[in-house]
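Beneath this line is the structure, given in structure tokens, with notes to follow.
The values are calculated or read from the model by the stated rules, or taken from the named source; none is laboratory data. Here the structure is a predicted model, which is why all the values come from computation and not from measurement. All Cβ positions, glycine included, derive from the backbone under ideal geometry; neighbour counts span all protein chains shown. Only protein heavy atoms, including side chains, enter the accessible area calculation; ligands, DNA and RNA are left aside. Shrake-Rupley method; radii C 1.70, N 1.55, O 1.52, S 1.80 Å.
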Amino acid sequence: MDSCNPAFDWAADGKEQILRRCPKCLCDSIIGHGRRRKQAHDENHDWIEIHRGTCSLCHLTFTFLPVFSLPYTHYSLMARSQALRQYFLEHRSLENAAPSLKNPDRTPDPSTLRRWFRSLDSSQPAFSFLRPMLRAIADWLARGEQIQCGLLCLSWPTLFPFLQIFWPLRL
């Protein structure tokens, strides 16, 4: 994965990745068990194909998700990052901060955006910690600073997952 590369396709990156070690029985016994489609809406994706696996010993079934697609969600973390930037830094209304999507009929409701932002910062008054942090990140990126953790490189498209990892303010 090279999230620092602007041409990076997060959905294609995780397509061939299947872990073999079962977290329950701790044996290298997971084998392929087909594929399925999952919603992962953003500018470049509508539905993505994901791998499934099953443990040949304990018979658990697993779904292998790409890093920018969370379980039980319909929008990629790239779309969430775009909405975060548009709302907090470009000062758009919730109605106008919705991300650009490949399928414009799937635009998230303003209440969905509010829920995404609350998952990062539930302080009172609303978002009192998130707003100054995003201004600081905008300054870092404007100066060309490189902030990287493992394979994840801080950029506008990776903003939401970066904040989820390093800044979980659930007060």
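Some points to look at:
- Of all residues in the stretch 84-105, those that are touching a residue at least 40 places away in the same chain (Cβ under 8 Å) and either over 17 Å from the mean Cα position of the chain (by Cα) or crowded, with 19+ Cβ neighbours inside 10 Å (or both) total 7.
- Subset of the stretch 126-159 (residues that are open to solvent by 30 Å² or more (accessible area, probe 1.4 Å), under 25 Å from L94 (Cα atoms) and polar (S, T, N, Q)): S128
- Meets criteria (closer than 23 Å to L70 by Cβ and polar (S, T, N, Q)) for Q146: no
- In the stretch 32-90, the residue that is modelled with the highest pLDDT out of those that are closer than 25 Å to C22 by Cβ, of a type in the set (S, T, Y) and not in a strand (DSSP E or B) is S56.
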